[in-house]
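To start, the structure under review is shown below, and the notes come after it.
The values are calculated or read from the model by the stated rules, or taken from the named source; none is laboratory data. Computed from a prediction, not measured in an experiment: that's the story for all the values here. Note that we place each Cβ from the backbone using ideal geometry, even for glycine, and neighbour counts take in every protein chain shown. With ligands, DNA and RNA removed, areas are computed over all heavy atoms of the protein, side chains included. Shrake-Rupley method; radii C 1.70, N 1.55, O 1.52, S 1.80 Å.
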Amino acid sequence: MAWFKREIKGIITTTEEKKEAPDGIWNKCPQCKKPLHYSEQVENQYVCHYCGYHLRIGSKEYFSILFDNNEFTELFPDLVSGDPLHFEDTKKYTDRLKETRAKTGLKDAIRAGTGKMGDQPIVIACMDFNFIGGSMGSVVGEKIARSIDYSIEHKIPFLMISKSGGARMMEAAFSLMQMAKTSAKLALLSQAKIPYISLLTDPTTGGVTASYAMLGDINIAEPGSLIGFAGPRVIKETIKKDLPKGFQTAEFVQEHGFLDFIVDRREMKERLSSFMKMMSN
Ligand SMILES: [Zn+2]
């Protein structure tokens, strides 16, 4: 009578035999909460086709969207962080780095590559938020600096895609120095009359906003991105006033003159290619 009385105890279905959808195939849109299939996301360049929400993606996805046929040569892939301050919070900084590298398969919060976009050569450096919050440590700064050198040497335009929580606390002052370093390199790029396009994505905050992200010949953002320096709570407590509606969205920032354009990700490649053509003429 096994069909109504369980006679065998401890029946376990192994993970491989479970009939659930594998992880990551379905995602829920954070804005409209509708389910999105992975293949639809790829097809729609990781934008929700119901409400237009731009999903947070990393360098791998941006490179696949922007480089022609996803063909590029990665630049300086082996740069890794040291631990100059022997920093320790809930865990050692070196352990945190090791774990994050294993988890994400990334070396640090940025990757750089060179290839063609719309048949024109370009250098792209793109930040990865899932590596310690896209924080700007010495590797991020150094990779940007070397990418700019590469741009100058080969006379190729430079595109920076920012996505960051700001400075990397575990590197303290070394992190802040990256602001000056990257800004100085960008000044050299400008002197060499090579175009610099800055693309700000969700979120771009802190020292990144305060340095290279806002120094583009043109500064572009994706719709709905959070763009700011300090968090809203800190600002509210400092100025003792309520903040206006939509404060720190890309749209608000553009209205107040800090951004040139807001471009939908699905049109990004075409728009960027035409800017580059315009600037090279
Ligand atoms: Zn949606």
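What to note about this one:
- On the beta carbon distance between residue 119 and residue 192, with R0 = 30 Å, the FRET formula returns roughly 0.85.
- One Cα centroid belongs to the stretch 219-265, the other to the stretch 175-207; the line between them spans 19 Å.
- Shown is the FRET efficiency for residue 240 and residue 9, computed with R0 = 41 Å from the Cβ-Cβ distance and rounded to the nearest 0.05: 0.05.
- Calculated over the chain, the projected area of the Cα convex hull averaged across directions stands at 20.6 nm².
- Surface analysis of the chain yields an accessible area of 55 Å² per residue, using protein heavy atoms and a 1.4 Å probe.
- Gyration tensor verdict on the stretch 34-127 (Cα atoms; rounded if a/c is under 1.5, prolate if a/b is larger than b/c, oblate otherwise): oblate
- Karplus 3J(HN,Hα) series, Hz, for the stretch 70-77 with 6.51 cos²θ - 1.76 cosθ + 1.60 (x for Gly, Pro): 6, 9, 7, 9, 6, 9, 6, x
- Cysteines in the chain that, by Cβ-Cβ distance, have no pairing candidate under 4.7 Å: 126
- Under the span-like rule (Cα at least 18 Å along the axis, Kyte-Doolittle mean at least 0.5), DSSP H helices of the chain: 172-191
- Of the solvent-accessible surface of the chain, computed with a 1.4 Å probe and all protein chains present, 56% belongs to carbon and sulfur.
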